[in-house]
Every structure is written in C-alpha cells, then in structure tokens.
1. For region 347-381, which positions are within 27 Å of the chain's Cα centre (by Cα), at pLDDT 95 or above and surrounded by fewer than 20 Cβ atoms within 10 Å (Cβ to Cβ)?
2. Quick one: would you say residue 384 is among the small types (Gly, Ala, Ser), touching a strand residue (DSSP E or B) at 6+ places or on another chain (Cβ under 7 Å) and either at pLDDT 95 or above or in the same structural domain as residue 401 (by the TED database) (or both)?
3. Could you check how many residues of region 290-314 are assigned to a strand (DSSP E or B), without any contact (Cβ under 8 Å) to a residue 40 or more places away in the chain and open to solvent by 30 Å² or more (accessible area, probe 1.4 Å)?
4. For region 114-140, which positions are open to solvent by 60 Å² or more (accessible area, probe 1.4 Å) and among the aliphatic types (A, V, I, L, M)?
5. If you check residue 493 against the conditions, is it without any contact (Cβ under 8 Å) to a residue 40 or more places away in the chain, open to solvent by 10 Å² or more (accessible area, probe 1.4 Å), among the hydrophobic types (A, V, I, L, M, F, W, C) and at negative phi?
6. Can you tell me which residue within region 441-466, out of those that are buried (at least 24 other Cβ atoms within 10 Å of the Cβ) and of a type in the set (Ser, Thr, Tyr), is nearest to residue 497 (Cα to Cα)?
7. Just checking: which of the strands (runs of 3 or more DSSP E) contained wholly in region 187-283 hold 2 or more residues that are open to solvent by less than 20 Å² (accessible area, probe 1.4 Å)?
8. Sort out which residues of region 482-528 are in a loop (DSSP other than H, G, I, E, B), closer than 24 Å to residue 325 by Cβ and not small (Gly, Ala, Ser), and write them in order of number.
Amino acid sequence: MVESHDIVANDRDDLSEDTEEMEETPIKLTFNIIFVTAEAAPYSKTGGLGDVCGSLPMALAARGHRVMVVSPRYLNGGPSDEKYANAVDLDVRATVHCFGDAQEVAFYHEYRAGVDWVFVDHSSYCRPGTPYGDIYGAFGDNQFRFTLLSHAACEAPLVLPLGGFTYGEKCLFLANDWHAALVPLLLAAKYRPYGVYKDARSIVAIHNIAHQGVEPAVTYNNLGLPPQWYGAVEWIFPTWARAHALDTGETVNVLKGAIAVADRILTVSQGYSWEITTPEGGYGLHELLSSRQSVLNGITNGIDVNDWNPSTDEHIASHYSINDLSGKVQCKTDLQKELGLPIRPDCPLIGFIGRLDYQKGVDIILSAIPELMQNDVQVVMLGSGEKQYEDWMRHTENLFKDKFRAWVGFNVPVSHRITAGCDILLMPSRFEPCGLNQLYAMRYGTIPIVHSTGGLRDTVKDFNPYAQEGNGEGTGWTFSPLTSEKLLDTLKLAIGTYTEHKSSWEGLMKRGMGRDYSWENAAVQYEQVFTWAFIDPPYVR
C-alpha cells in the first residue's frame with residue numbers, strides 16, 4: 001500500500017516551525033488492490049458480477065490506485081476467445097497444491113484502462129459453455145476450478161513483475177462471491193503463519209448470497225487448507241434440508257469461512273446488506289453475518305455511463321438528453337414498428353428485461369397480464385430462462401397480437417432499444433442484491449416500477465406528487481407485498497400519471513436522468529471501506 005487518503009499527519013514532533021505554519025494538505029491513500037473474480041466484462045460475463053469487476057477496477061485505477069484483476073482465462077473454441085487476444089503469456093508458472101496434487105498454472109496479462117488484467121491459464125478453464133456450466137448443467141469440477149483460481153490469485157502479487165515490479169505483500173484482496181471466497185482463508189491459514197501477507201487485508205464482496213460454494217464435507221482436503229481449519233468452513237444442513245434419513249448434512253461452505261475471517265464484508269447495496277442478516281435473506285448465514293455487522297457495509301453498484309447514454313447510444317433510433325426529450329418519442333415509435341405493434345406514441349408502453357425465473361418475479365407478471373391487457377397499454381418482454389415462461393410468453397403474444405410482444409432470448413442492442421423506447425420498466429424481483437436494469441431505465445427516462453427489496457428499494461425513490469410545494473419528487477414506484485394485485489394497483493397509478501399528468505411524468509423522467517450513476521461515485525465509497533479495512537489488525541488464529 002502506498003501512502004495516502006484524507007488522513008492528515010498526526011505526528012508533528014518532527015516538523016519544523018515553518019512547516020507547522022503551512023496549511024495542512026490531506027494525503028491521499030492509494031492501495032494495491034487485487035480483485036479476484038470468476039468473471040470480468042468484457043472478457044467473461046453472465047450477469048452483474050461481470051459488470052462490477054469489469055468497471056469498478058477501472059474507476060479505482062483512474063483515482064490513482066494500482067489495480068489487478070485476477071480471473072480465469074476461459075477458452076471455449078468460439079469467437080469469444082478473441083477477447084483474450086491482447087493478453088500475453090508472462091512466462092511465469094506457479095505451482096498450486098490442492099486436490100491432493102501439485103497443479104501448475106500460467107498467467108496471461110493485458111494492461112488496459114490503467115488496470116492489470118491477469119488471466120489464470122489451466123486446462124480446466126478451456127471448454128465450451130459459460131464460466132460455470134453448459135447445456136447439461138453446472139460443471140462437476142467447479143470446486144476444483146475456483147479453488148485453483150483462489151490459490152493462483154494469492155500467488156499473483158508475489159510472483160508477477162507487472163510494470164517492472166510486483167504488487168508485493170502489502171495489498172488489499174477483494175474476493176468476489178463464493179468463487180473467490182477461499183482467498184481470505186488462504187491468507188489467514190496458509191500465508192500469515194509464515195510471515196507472508198501479514199500486512200495484507202481482505203474484503204469479501206457478496207453479490208448473491210444464494211450461492212455459497214457448498215460441497216460434501218469429504219472434499220475439505222481438496223481445498224489446500226491445514227486440517228485444523230476445518231471448523232472455519234464446516235456447515236451442517238438442518239434435518240429438513242437433508243436428502244435422506246442417512247444424510248448427516250455435513251458439508252463445507254467456503255463463503256461461510258470467508259465471512260468469518262475477512263477484514264470487511266461488502267454487498268452491492270445498503271438494502272441487501274441488511275437483508276442478508278435476516279432469516280429470510282441470509283440463506284442460513286444470517287446469524288454469522290449479524291455477528292459481524294460492525295464490518296458489514298453496502299455500496300450500490302454504478303453503471304457504464306458511456307455504454308448506457310441516451311445521447312450517444314448507437315443502438316437506439318434517436319438520441320436525446322435531459323434537456324431535449326424529443327428523441328425518446330422517436331425511440332418509442334421505432335420500437336413499436338420493429339416489434340410489429342400499432343404505432344401509438346400516446347399509448348403507455350411497458351417493458352420487462354431479465355431472466356425468466358422465479359427470482360425475477362415472472363410468475364407475478366404472468367398472473368397480472370390478463371387483467372392488465374384490459375387496459376389501453378402495450379407490453380414487451382425480453383428474456384430467456386425456464387421453458388414454462390418462454391412458452392407462456394409466446395402463447396400470450398398469440399392471444400394479444402396488438403398489445404403484447406415476446407422476445408425469447410437475449411439481445412444487447414434490443415435491450416437498449418426497449419430501455420429507450422418504453423415508458424415503464426417492470427422489475428418485480430423477489431430479491432435483488434442491487435439490480436442494474438432499473439438504473440439503466442432511469443438514465444433513459446423510463447420509469448421503473450419495482451418490488452421494494454434490496455437494491456431496488458435503495459435506488460428507486462417513490463413518486464410523491466405533493467412534495468416540494470406540489471412540484472413532486474421521486475423517480476418511480478416501489479410496491480410491497482409481492483402480489484399481482486399490488487403490482488396491478490401500482491401500474492394503474494403509473495398509467496394514470498402518464499395519461500393525465502404529463503408535467504408530473506416529465507418531472508419523473510428528468511429526476512431519474514439527472515442522477516449520478518457513475519462508478520466514480522461508488523469508487524469513493526469503496527475507498528472509505530478500504531481505509532477501514534487497514535485500521536484493525538488482520539485475522540490471526
């Protein structure tokens with residue numbers, strides 16, 4: 001860690017009288033930061049984790065920090081392999097001891113946007129599919145693949161001469177989700193007992209606590225941890241959750257271990273940092289998280305404001321801005337034309353973009369559609385997922401040819417056009433650690449209607465037409481409980497505002513478009529947590 005951040009020297013004994021008379025200047029702390037992640041856009045991405053680890057490192061590097069991102073070098077034999085074309089072999093090999101054997105990994109490197117992008121190369125990362133699985137399901141060796149990633153990431157700052165010199169031992173590891181959760185455990189159990197990384201710190205970032213890296217207890221020896229550390233990751237399922245009468249429920253849970261020993265714990269919104277301490281939201285880890293609440297914080301994700309910018313977006317029909325909204329009407333009519341809907345600029349156009357599954361509340365939309373279709377509205381849904389919902393979307397399109405359109409699958413340009421062309425965006429998610437689509441929507445002047453949960457509740461402020469002497473405030477609507485009836489009530493309120501109170505609707509649009517969604521804002525908050533991480537000594541057993 002290089003000296004720096006809002007800390008003024010307290011030891012003034014060595015300062016000369018002349019120096020004492022000078023105005024004190026805050027010294028900015030800069031850190032050596034190591035992101036460890038299963039995915040980082042644009043190299044690899046399946047969701048929000050890839051967005052965060054592709055954008056936040058660049059924002060921190062722009063603020064003066066030295067930043068390395070360590071992620072697997074996924075090769076699947078397809079066009080996506082070209083994303084790694086600029087990464088060069090550093091000709092450094094590291095031997096990792098795990099799974100009862102010595103594994104050799106190589107490191108590839110690309111310096112881009114001020115960040116050292118380091119890719120761990122091993123044969124287990126070279127296969128068709130996503131980072132986690134293929135058409136047949138999750139890969140059976142994911143525990144091995146991400147154990148390897150964690151070990152390699154701990155070696156990288158010590159052995160890689162990036163820019164002429166290594167990052168060294170005094171660095172900050174940001175371990176993202178269960179895939180990298182072994183990192184804080186390795187620092188405490190494998191390195192610090194031998195005097196290595198004694199000045200390093202670790203933060204575990206939880207993007208979705210529903211996934212914890214739970215495996216059978218017999219796999220503990222595969223992790224490369226000392227035998228006496230078994231208790232740190234031991235996890236016993238309650239009786240009702242066991243597969244059969246002879247199942248003892250004994251497992252290992254690497255995320256649990258990381259939560260126990262990391263210096264700080266972060267989530268991707270303030271609301272989610274509270275939800276994971278509740279029995280409903282903690283997925284069995286709520287008591288442990290509650291016990292560590294003093295080091296638990298939530299920071300709302302930013303978005304790529306260059307990629308998502310209605311005044312420059314190459315995917316939309318007409319550009320517009322907070323000062324000139326006329327182009328949004330053109331985007332709407334162009335979307336209606338593209339989808340084969342009647343071109344009606346004054347008809348409320350409602351959109352949904354997301355995975356078609358239980359978490360995203362698609363069943364709530366399904367049950368609300370028959371009644372919603374009785375209103376003068378148009379609806380478009382983009383997404384893929386469970387077959388039952390994909391089939392339902394196609395069937396609903398056939399029933400309401402002039403009102404409903406289904407786009408089964410995912411298409412980035414179309415998602416931009418739906419975000420720009422719709423008036424309302426629905427997000428009835430059961431839980432949402434942060435959520436990005438509501439942020440994209442507000443930046444494009446599209447009003448979000450969201451279930452009051454996690455990051456959705458944090459980022460969407462309820463519309464109050466009577467606030468500020470009748471000028472109104474708020475950027476959308478939240479609703480709770482999560483029922484189709486409550487969703488319909490909120491939609492009717494929004495539709496009424498759209499059709500009968502145009503000036504209020506324009507105020508909603510402009511307030512949403514005027515907010516700061518950049519990663520720069522989030523990076524400042526991350527710096528504060530980094531500073532806190534170094535206040536107390538690290539975990540030592």
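The values are calculated or read from the model by the stated rules, or taken from the named source; none is laboratory data. Given the structure is predicted, the values throughout are model-derived calculations rather than measurements. Note that we place each Cβ from the backbone using ideal geometry, even for glycine, and neighbour counts take in every protein chain shown. For the accessible areas, the whole protein counts, side chains as well, though only heavy atoms, and no ligand, DNA or RNA atoms are used. Shrake-Rupley method; radii C 1.70, N 1.55, O 1.52, S 1.80 Å.
1. 363, 366
2. When the stated conditions are applied, residue 384 passes them.
3. Residues in region 290-314 being assigned to a strand (DSSP E or B), without any contact (Cβ under 8 Å) to a residue 40 or more places away in the chain and open to solvent by 30 Å² or more (accessible area, probe 1.4 Å): 0 in total.
4. Across region 114-140, the qualifying residues are 135, 138.
5. Taking the combined requirement at face value, the residue satisfies it.
6. 446
7. Output list reads 201-206, 250-253, 264-267.
8. Once the filter is applied, which keeps residues that are in a loop (DSSP other than H, G, I, E, B), closer than 24 Å to residue 325 by Cβ and not small (Gly, Ala, Ser), region 482-528 yields 501, 515, 516, 517.
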